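The values are calculated or read from the model by the stated rules, or taken from the named source; none is laboratory data. Note that the structure is a prediction, hence the values are computed from the model and not measured. Note that we place each Cβ from the backbone using ideal geometry, even for glycine, and neighbour counts take in every protein chain shown. Accessible surface is based on the protein model in full, side chains and every heavy atom, while ligands, DNA and RNA are left aside. Shrake-Rupley method; radii C 1.70, N 1.55, O 1.52, S 1.80 Å.
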Number of protein chains: 2
Amino acid sequence: MLSRASKYAILSTLFLAQHSSEERKISVKEIAESIDVPSPFLAKLFQQLVRGKIISSTKGPHGGFYLSEKNKMKNVLDIIENIDGLNKINSCFMGLNECDSTNPCPVHFIVEPFKNNILGKFRDKTIMEFAKEISDKGRLLTLKDISPSFEEPHE
Amino acid sequence: MLSRASKYAILSTLFLAQHSSEERKISVKEIAESIDVPSPFLAKLFQQLVRGKIISSTKGPHGGFYLSEKNKMKNVLDIIENIDGLNKINSCFMGLNECDSTNPCPVHFIVEPFKNNILGKFRDKTIMEFAKEISDKGRLLTLKDISPSFEEPHE
DNA sequence: TTATTAAAAGACCTTTTTATCTTTTAATAG
DNA sequence: CTATTAAAAGATAAAAAGGTCTTTTAATAA
């Protein structure tokens, strides 16, 4: 449904929305470590997101990635479109080429409302609104294992 | 969410449920053409489904694939389990490693009910019941383009 | 009992996705 | 103006998914 690349891109962009600003740019490395994704891979994705005007970057000392005011108005679906294209997420759950309400696959009428629901969420909120909601509701934004668990003593 | 392999396997098994019987076995080639999937690939999947006791086969003249009475009691989730394993379909929509209701990803509470719904459908109906429902409700079971469209005259 | 048929087995190939590494470019702090 | 920093670019590699082909095995009809 979503490629790993899109998932990384979404999580990282939302992370930028929460933690970066024009004055406080963040390096790939820092983000990759926070989200727990391979940083060279994320670097590639970020290049593409910059080209797609989803995020912004500057080089050099204190450079890094951040969201401009325009970037903040984008939504999550823009990220998906930029990385996976829209076809992938819109395609039939069972893989049928011609699946619609007049010619439905066996699970069409279960999948359709779900898709509308989740795509609505990805389309109707700006990145900034989405990020705020995530902060407010305390949603998880990392691939890391967060369980406190037993800390193996290091020595 | 589902690999292409799983999708092919589900469609083909449901096709067997509808069109085959112990007396009327069907060859890979015939099924592959009906569903419109690559037949050597489907052959591999069928070998695995036979090993997993989801479908049955016999070699030789008038041999082919069919569903035994026991096979007919399996469900779609058994197919998915056999091909993809259960982890894949149960994994978090955003790819988080630790996503559950106490530590939810940003779309957890949208995805969860959908998953319960669709997994329920895949678990609670036997293959045979599922196939009947599909016939009764007139659901599509092929990757083929079915649009009547304009038939390009061949000569 | 033999020829034929169709699945089983397994080697192999291709494409896509994911991930890494090295070099170049540009920004800026000093 | 130079050293340093961090992204951009691009080449490359590794893994997974998808797909093909050839040989072997087993069933059965004649």
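So the check is Cβ under 6 Å with 6+ separation or different chains; which pairs have a first residue in the range A:46-57 that's more than 14 Å from chain B (Cβ to nearest Cβ) and over 19 Å from residue A:4 (Cα atoms) and a second one that's away from DNA strand C (no atom under 16 Å from the Cβ) and in a helix (DSSP H, G or I)?
So the pair list comes out as A:56/A:71.
Determine if the range A:33-47 includes at least one residue that is over 18 Å from residue B:97 (Cβ atoms), open to solvent by 10 Å² or more (accessible area, probe 1.4 Å), within 13 Å of DNA strand D (Cβ to nearest atom) and touching a Leu at 6+ places or on another chain (Cβ under 7 Å).
no
Table: residues versus (1) open to solvent by 50 Å² or more (accessible area, probe 1.4 Å); (2) in a loop (DSSP other than H, G, I, E, B); (3) at the interface with chain A (Cβ under 8 Å from one of its Cβ atoms).
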site	(1), (2), (3)
B:81	yes, no, no
B:89	no, no, no
B:109	yes, no, no
B:115	no, no, no
B:118	no, no, yes
B:122	no, no, no
B:131	no, no, no
B:134	no, no, yes
B:139	yes, yes, yes
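Tell me, please, whether a residue that is open to solvent by 40 Å² or more (accessible area, probe 1.4 Å), farther than 29 Å from residue B:115 by Cβ and in a helix (DSSP H, G or I) can be found in the range B:3-15.
Scanning the range B:3-15 turns up no residue that is open to solvent by 40 Å² or more (accessible area, probe 1.4 Å), farther than 29 Å from residue B:115 by Cβ and in a helix (DSSP H, G or I).
Got a sec? Which of A:88, A:53 is under 30 Å from residue B:35 (Cβ atoms), within 16 Å of DNA strand D (Cβ to nearest atom) and out of contact with any helix residue (DSSP H, G or I) (no Cβ under 6 Å at 6 or more places or on another chain)? Break it down stepwise before answering.
Working: A:53 fails: under 30 Å from residue B:35 (Cβ atoms).
The conditions single out A:88.
Go through (1) over 14 Å from the mean Cα position of the chain (by Cα); (2) under 24 Å from residue A:113 (Cβ atoms); (3) open to solvent by less than 40 Å² (accessible area, probe 1.4 Å) one by one and return the number of the condition residue B:65 breaks.
It is condition (2) that residue B:65 fails.
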